[in-house]
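Here, each number is a calculation from the coordinates, and none is a lab measurement. Every value quoted in this text rests on a predicted model; they were computed, and no experiment measured them. Glycine gets a Cβ as well: all are built from the backbone with ideal geometry, and neighbour counts include every protein chain shown.
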2 protein chains.
Amino acid sequence: MKIVILAGGSGTRLFPLSREKYPKQFIKLINHSSFFQETVKRFTSKFSLDDFIFSTKKYYTFMIKEQLEELKFKTDNVHFVLEPIGRNTAPAIALCAKYALDKMGVEEEEVLFVTPSDHFISPRDAMLRYFPLTEKLASQGYIVTFGIKPSHPETGYGYIKVGEQLEEGSFKVEKFTEKPDFKRAVEYVSSGEYFWNSGMFAFTIKTLKEEFQKYQPEIYSLIFENSYEEAVERFEELPDISIDYAIMENTDRAAVIPCDVVWSDIGSWDAVYEVFPKDEDCNVKKGNVITYDTKNSMIIEKGKRLIVTIGVEDLTVIGTRDVTLILKRGESQRVKEVVKLLKKDIERKHYVDRHVTEYRPWGSFTDLEVGDRYRIKLITVKPGEQLSLQMHYHRSEHWIVVKGTAKVTIEDKTFYVHENESVFVPKTTVHRLENPGKVPLVLIEVQVGEYIEEDDIVRFEDKYGRV
Amino acid sequence: MKIVILAGGSGTRLFPLSREKYPKQFIKLINHSSFFQETVKRFTSKFSLDDFIFSTKKYYTFMIKEQLEELKFKTDNVHFVLEPIGRNTAPAIALCAKYALDKMGVEEEEVLFVTPSDHFISPRDAMLRYFPLTEKLASQGYIVTFGIKPSHPETGYGYIKVGEQLEEGSFKVEKFTEKPDFKRAVEYVSSGEYFWNSGMFAFTIKTLKEEFQKYQPEIYSLIFENSYEEAVERFEELPDISIDYAIMENTDRAAVIPCDVVWSDIGSWDAVYEVFPKDEDCNVKKGNVITYDTKNSMIIEKGKRLIVTIGVEDLTVIGTRDVTLILKRGESQRVKEVVKLLKKDIERKHYVDRHVTEYRPWGSFTDLEVGDRYRIKLITVKPGEQLSLQMHYHRSEHWIVVKGTAKVTIEDKTFYVHENESVFVPKTTVHRLENPGKVPLVLIEVQVGEYIEEDDIVRFEDKYGRV
């Protein structure tokens, strides 16, 4: 079996923790671990990293590598299937199947288990319990889905109605339903015949191909009747359609395994509150937080501030280095609207776009301080990586190495700068920063000049094709 | 007339904006101006800085100078009366009178107008209207107080009961009363015979001396029967007593001028909300703040974050660089208790003590970032000032000059470091930083070492006596 991790999604419903350049799957809420990392860990007791296929966007690959490295994986040979352009889950999953056939050399009888990477499941590896049954059903030609027993009449989820029983612990799917209204959701839950659709699937590649051929011939022929490279190249010709619409709502080969797990799609801050353990005052607290006479609230500080609450209840407070969101609990659907308004605000749209820490192929940088004529950044360069050969018209840069060893090129000179040494890069000189070593290079950059914005950069040469 | 500004108070009721080392009078809430600065500006249309006496603690003198310099005053000859130890307002005011007599050469007939520096009065210079009457009454031998018509039955203030009329617009004081309970406060307000005691006083030095001699002979003889220097030296022998208890509650020479001003002692965040202008949703907003569907709230961000509120009401939110306080409106008396608890928390007591910016005689520094083996500070040195000659055992320092010119001594070498230049100070070398110039010196300090706490410092020589 191969595990297909869908990690290309973007979204800002968990703003200010999620940003457009740092979507929900990468944010770390569970014991310093991200939803993506939890998803990977869910399977690694039974599978090696070689059995994973990561379906994502190019921009996220280095975040995925970094998060995998934090889990102590070697990331030289990760199986990435990169969508050149977002086309939703149906084309993405088909492309993963094609990748498995052509690049991993698996047979058409191989089972793919497809999972989002931004959901919450507890206990973490509970899904493994259902894998023997999953393989059995998939091998019989079923597209297996995983149903969650509803704990309440949620109107934000899709539901699966069960039909006749198949193997013990599984059923044929009678139908999939879209998000219901509240009245209908109550009926569903009380009937006992409906389960939440968890968004995970399993099937053999053979079954998948047959169903695509039957219901999505356009996708089928472009992906399965071409080479992988050609499929990637022509990917943007494909329709933007989810696997649910494309296949699941049409197929008569869907099965469902009801799963006894706590599951949430973590679609809002209220959903986060629901699944997290609470203290005796029904508060969820993370980070440097103190509460006095505070009830039914969630206070999460991911920046470096202390948050103190006194005499409040039913509040959600989320702090990052640059934003504090204070929200009435129960109203977290409104974060979306607010993010839309922020995006229209020229002075503030950058808050939606990115954190103060920005990830690049070579590592990351954090804006520590901006003042009149200066800017201070903390820069981390991964071992073996390098920044582009570049120049600035308006700013000089002072680099102070705090950890590791830097290889610095200034004009035609190249030399090493060691821990606790510094180097000066005058404006208009061509320069490059590299980490030739085996441990991350950490340095403080102090920019001084009359103009200190990101766009004062001329790139001459770039390992990552950004010239 | 001389203006005595009481600026020695400490207090953290406006935590996290006020801290033990940065009390309420210095915090800037009104158009980037502090209560202290507003107090000074209240009189400067009629008085020169030479007519002011600042009663304070030594530690606050450089903050006072800095805030006066921001108002464009020369501060070389400010009249400071420094309490060697806090002994409340009675000894402090007597010492100011002694200073005026001995050091400013005024006559005993001179009128002193005494005012706290951490109150709110609007319109700002409204008190000047009452000065002709004040001088008249003071010259007749009265101790003049200033009553505020109560707007509500406040239980947190003292009240003044008026007696027979004196000059038009003034009365004899029949009695002073302590903070009443609510029932009594309602009676006071509805009677029309009571005014809030605003804590401001005016009197001739002659009157003050006579009343001290009569009711506080101990204070009288130590202060007025010795030289100023001796009075300072023996100051700690004096009782800790307020002018209200010491004189006002005993004297039969008190008069009151009812004043038609908006006044508050700003004793809590709720009091701040009361006096500040509100938007159409009854919100007070300051700093980088956006509110959606937010009512009757006060959101103040003095750090560099964006605060977003959605769907909340009756909330007080106060953000600084290191703390966000979230408080139900109406409960701000509880900030005191919370501050007490924080002080007992070894990990967090520094929040009560100081801001991330700390003020020193030579200027200030701001902790920008602390990481593993490094610390980054933004340092500002005032023109003509210098840090102590010092050494560190565990950290080297990199200084990057961002503005101004630094004079740097390292071991036996002294040299200048200019804007956009840097210098390295290895650990265990004796060094000194000076600003020899005419504009503030701004530099970034990056400390690198195995131990990077403030207490790794050996001082060899210090202009401000801190060796």
Gyration tensor verdict on segment A:1-114 (Cα atoms; rounded if a/c is under 1.5, prolate if a/b is larger than b/c, oblate otherwise): oblate
Amide H contacts of A:Thr429 (H built 1.01 Å from N, under 5 Å, at least 5 apart or other chain): A:His392
Greater than 32 Å apart at Cα, pairs in A:Lys2/A:Lys183; A:Lys58/A:Lys278; B:Lys286/B:Lys343: A:Lys2/A:Lys183; A:Lys58/A:Lys278
Percent antiparallel among DSSP beta bridges (both partners in segment A:278-334, rounded to 5): 30
Amide H partners (placed H, <5 Å) of A:Leu306, local residues excluded: B:Val323, B:Thr324
Computed over segment B:317-368: relative contact order in percent, which uses C-alpha pairs under 8 Å that are six or more apart: 24
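To the nearest 0.05, what FRET efficiency results for A:Thr428 and A:Asp372 with a Förster distance of 30 Å applied to their C-beta separation? Could you put the intermediate results ahead of the total?
Numbers: r = 22 Å, r/R0 = 0.72.
With R0 = 30 Å, the Cβ-Cβ based efficiency is 0.90.
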Prolate/oblate/rounded label for segment A:301-367 (Cα gyration tensor, a/c 1.5): oblate
At most 14 other Cβ within 10 Å, DSSP loop - GluC sites (Glu not before Pro), segment B:34-128: B:Glu107, B:Glu108, B:Glu109
Acute angle (nearest 10 degrees) that the helix B:335-344 long axis makes with the longest principal axis of chain B, alpha-carbon atoms: 40
In segment B:203-255, the trypsin sites (Lys or Arg not before Pro) that fall in loop regions by DSSP, at most 10 other Cβ within 10 Å: none
Lys/Arg +1, Asp/Glu -1 at C-beta; the protein assembly as shown dipole; positive extreme among B:Gly465, B:Thr409, B:Pro123: B:Thr409
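Report the calculated FRET efficiency for A:Arg129 and A:Asn296 (r = Cβ-Cβ distance, R0 = 30 Å), to the nearest 0.05.
On the way: r = 33 Å, r/R0 = 1.11.
After rounding to 0.05, the efficiency reads 0.35.
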Average beta carbon contacts from partner chains per residue of A:398-405, 10 Å cutoff: 5
Antiparallel %, DSSP beta bridges [both residues in the protein assembly as shown], to 5: 70
Flagged links, alpha-carbon separation over 28 Å, of B:Lys74/B:Lys336; A:Lys302/A:Lys340; A:Lys41/A:Lys295; A:Lys403/B:Lys438: B:Lys74/B:Lys336; A:Lys41/A:Lys295; A:Lys403/B:Lys438
Ranked packing of B:83-89, B:298-304, A:45-51, B:72-78, most packed first, by mean Cβ within 10 Å: B:298-304, B:83-89, A:45-51, B:72-78
Test item: Cα-centred dipole of segment A:153-308, Lys/Arg +1 and Asp/Glu -1 on Cβ, debye: 620
Alpha-carbon centroid distance for the pair segment B:431-467 / segment A:249-285, whole angstrom: 54
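Just tell me how shielded B:294-306 is by partners: mean number of partner chain Cβ atoms within 10 Å of each residue's Cβ, no decimals. Numbers along the way, then the final one.
On the way: counts 2, 0, 0, 1, 0, 2, 0, 1, 0, 4, 5, 10, 10.
If you average over the peptide's residues, the count of other-chain Cβ atoms is 3.
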Within 10 Å of each Cβ in B:343-353, the average number of Cβ atoms from other chains: 1
Eligible aspartates and glutamates near A:Lys285 by straight Cα distance, threshold 16 Å, same-chain separation 8 or greater: A:Asp270, A:Glu274, A:Asp293, A:Glu301, A:Glu313, A:Asp314
Rounded, prolate or oblate (a/c below 1.5 giving rounded, otherwise prolate when a/b exceeds b/c) for chain B by Cα gyration tensor: oblate
Separation of the B:Ser151 and A:Glu193 label points, Cα + 7 Å toward Cβ, nm: 6.6
Point-to-point label distance, B:Phe182-B:Ser227, nm (Cα→Cβ direction, 7 Å offset): 5.8
Relative contact order for segment A:278-334, counting Cα pairs under 8 Å that sit 6 or more residues apart, in percent: 27
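State to the nearest 20 debye the size of the charge dipole of chain B about its Cα centre, where the only charges are +1 on K and R beta carbons and -1 on D and E beta carbons.
Details: 65 positive and 75 negative charges, 202 e Å.
Once rounded to the nearest 20, the dipole reads 960 debye.
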Cα-centre dipole for segment A:2-264 with unit charges at Cβ (Lys and Arg positive, Asp and Glu negative), debye to 20: 920
Inter-site label distance for B:Thr75 and A:His350 at 7 Å from Cα along Cβ, in nm: 3.2
Alpha carbon centroid spacing (whole Å) that separates segment A:297-325 from segment A:217-234: 48
Considering only segment A:2-264, percent of DSSP beta bridges that pair antiparallel, nearest 5: 55
Cα centroid of segment B:33-47 to Cα centroid of segment A:116-143, whole Å: 72
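Just the Kirkwood number for segment B:2-264, please: inverse of mean 1/r across all distinct Cα pairs, in Å, one decimal.
On the way: mean 1/r = 0.0532 Å⁻¹.
This gives a value of 18.8 Å.
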Degrees separating the helix B:89-103 axis from the principal Cα axis of chain B, which is the longest one: 80
Residues A:Ser10 and B:Tyr416, FRET efficiency given R0 of 41 Å [Cβ-Cβ distance, rounded to 0.05]: 0.20
Relative contact order [Cα under 8 Å, 6+ residues apart], chain B, whole percent: 13
